[in-house]
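One structure is given below, encoded as structure tokens.
The values are calculated or read from the model by the stated rules, or taken from the named source; none is laboratory data. If you're wondering where the values come from, they're calculated on a predicted model, not measured in any experiment. Every residue, glycine as well, gets a Cβ built from its backbone with ideal geometry; the counts of neighbours run over all protein chains shown. Just the protein is used for accessible areas: all its heavy atoms, side chains included, with ligands, DNA and RNA removed. Shrake-Rupley method; radii C 1.70, N 1.55, O 1.52, S 1.80 Å.
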Amino acid sequence: NKIRRNTTYGFSIIGTSGMGKSSTVNKILSLYPQVIEHTKYNDIELNLHQITWLKLDCPFDGSIKGLCSNFFFEIDNLLGTKYHERYGGHRSSTNQMMPIIAQIAQNHGLGILVIDEIQHLSVAKSGGIEKMLNFFVTLINMIGIPVILIGTPKAKVFLQREFRQARRSSGQGSIDIKWLEKGDDWDMLLETIFNYQWTNKKFELTQELSDILYDKSLGIIDVAIKLYTAAQSKAIRNEEDVITKSLIESVYDEEYSLLKETLEKAKKEIKKKK
């Protein structure tokens, strides 16, 4: 008999909101069929539904129990089973759910588990940092498959508190996605999005437009794209032919007031570090 290795490697992706962490992972996962139906193996009749990957979002209430419950719910959505009804109720504890999750993962040949927005996990509701870290370690050990953890820099606070969890979550590497700096990557982003124009006249990507978009977005991809799109929408409404620096500034001031406050605080923090 082959000896099963107990060490399971994971992978962590940490980055600022709006940098495309979840979108990138979703596109990669979409390349694989999520459920594969096996009906026969070596002339043996089978009725096996293999789940190649499963992606969970941390629940809004930030509880580990809620995360376990979401596992059953997502499996039911894929297979039409009733795991959530049987095991995901209020009476079930996290300790009771864990071995069941491990068994379901094994029964359906789960290939990889992705847990997104892990910064939502509440320390208070989860019983403290230590208990939360123990949960992730136990989860990875019990299900015996790679686990990808995705979150914002807030997630680093508890992932790095204990060495064994940091080791497991980065066993096959880790990515720390930061805001784009001015350079080749930023230029490539703008060259790509500037191909999408809906104004009456085609406008060129100038250094002035590049500078104002960077200044307002701080290199956050999602913000840059939305600001560029909003500027074109306003240009069309105002019957203007192209977008300009002043137009981008007005859109930023008028339509992004809440985001503006957050970005301005971030700018001040960046200046302090410099």
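Please verify whether the stretch 138-151 includes one or more residues that are more than 22 Å from Ser17 (Cβ to Cβ), touching an Asp or Glu at 6+ places or on another chain (Cβ under 7 Å), buried (at least 20 other Cβ atoms within 10 Å of the Cβ) and modelled with pLDDT under 80.
Looking for residues that are more than 22 Å from Ser17 (Cβ to Cβ), touching an Asp or Glu at 6+ places or on another chain (Cβ under 7 Å), buried (at least 20 other Cβ atoms within 10 Å of the Cβ) and modelled with pLDDT under 80, one finds none in the stretch 138-151, hence no.
If you go through the stretch 24-41 one residue at a time, do you hit one that is surrounded by fewer than 19 Cβ atoms within 10 Å (Cβ to Cβ), under 13 Å from the mean Cα position of the chain (by Cα) and of a type in the set (Ser, Thr, Tyr)?
Yes, that holds for at least one residue.
How many residues does the stretch 228-274 contain that are at pLDDT below 85 and either part of a helix (DSSP H, G or I) or loosely packed, with under 10 Cβ neighbours inside 10 Å (or both)?
Residues meeting the conditions: 19.
Looking at (1) assigned to a loop (DSSP other than H, G, I, E, B); (2) open to solvent by less than 50 Å² (accessible area, probe 1.4 Å), which one does Ser12 not meet, given that it meets all the others?
That leaves (1) as the condition not met.
Grab the helices (runs of 4 or more DSSP H) fully contained in the stretch 49-153, keeping just those with 1 or more residues being closer than 25 Å to Gln34 by Cβ, without any contact (Cβ under 8 Å) to a residue 12 or more places away in the chain and among the polar types (S, T, N, Q).
64-79, 94-107
Select from the stretch 197-210 the residues that are outside any helix (DSSP H, G or I) and among the polar types (S, T, N, Q) and write down the one among them that is most open to solvent (accessible area, probe 1.4 Å).
Looking at the filtered set, the residue picked out is Asn200.
For the stretch 58-87, which positions are more than 24 Å from the chain's Cα centre (by Cα) and among the charged types (D, E, K, R)?
Passing the criteria: Lys82, Glu85, Arg86.
Only one of these conditions is not met by Tyr83: (1) at pLDDT below 90; (2) in contact with an Asp or Glu (Cβ under 7 Å, 6 or more places away or on another chain). Which number is it?
(1)
Would you mind telling me which numbered condition in (1) assigned to a helix (DSSP H, G or I); (2) more than 17 Å from Thr16 (Cα to Cα); (3) open to solvent by less than 60 Å² (accessible area, probe 1.4 Å); (4) in contact with a Lys or Arg (Cβ under 7 Å, 6 or more places away or on another chain) Leu213 fails?
The single condition Leu213 does not satisfy is (4).
So the check is Cβ under 8 Å with 6+ separation or different chains; which pairs have a first residue in the stretch 180-196 that's within 22 Å of Lys267 (Cα to Cα) and open to solvent by less than 100 Å² (accessible area, probe 1.4 Å) and a second one that's of a type outside the set (A, V, I, L, M, F, W, C) and assigned to a helix (DSSP H, G or I)?
Close Cβ pairs satisfying both conditions: Trp186/Ser210; Trp186/Tyr214; Asp187/Ser210; Leu190/Ser210.
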